[in-house]
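Contents: one structure, followed by commentary.
The values are calculated or read from the model by the stated rules, or taken from the named source; none is laboratory data. Keep in mind that this is a model prediction, so the values were computed, not measured. So basically every Cβ, Gly included, is an ideal-geometry build from the backbone, and we count neighbours across all protein chains shown. Keep in mind that these areas ignore ligands, DNA and RNA; they rest on the heavy atoms of the full protein, side chains included. Shrake-Rupley method; radii C 1.70, N 1.55, O 1.52, S 1.80 Å.
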Amino acid sequence: MGQIGPTHLLVVAVVVLVVFGSKRLPDTARALGKSLRILKSETAALRTDDQPQPPVPEPPSVPDVPAAREQRQPPVSS
């Protein structure tokens, strides 16, 4: 009772063909394939989000040197 045989698959195929029609069946299959592809990529992204990210190193700070501050001042015109 729990197994799907070839006759069951044939009945399902006929019902799908009747419900969707022969013209809409390729479009429906294409949309189903896109949806499954999106679902697969999103579940893969969720799995990678669960992994801890390595800490981002802070950029080195620039020391406040008085000589460097004097070089940045514009020259005085005479």
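Quick notes on this structure:
- Inter-site label distance for Phe20 and Lys40 at 7 Å from Cα along Cβ, in nm: 1.7
- Here the simple spin-label model places points 7 Å from the Cα toward Cβ, and for Thr28 and Ser61 these points are separated by 6.6 nm.
- Ligands, DNA and RNA aside, Asp27 has an accessible area near 90 Å² when probed at 1.4 Å.
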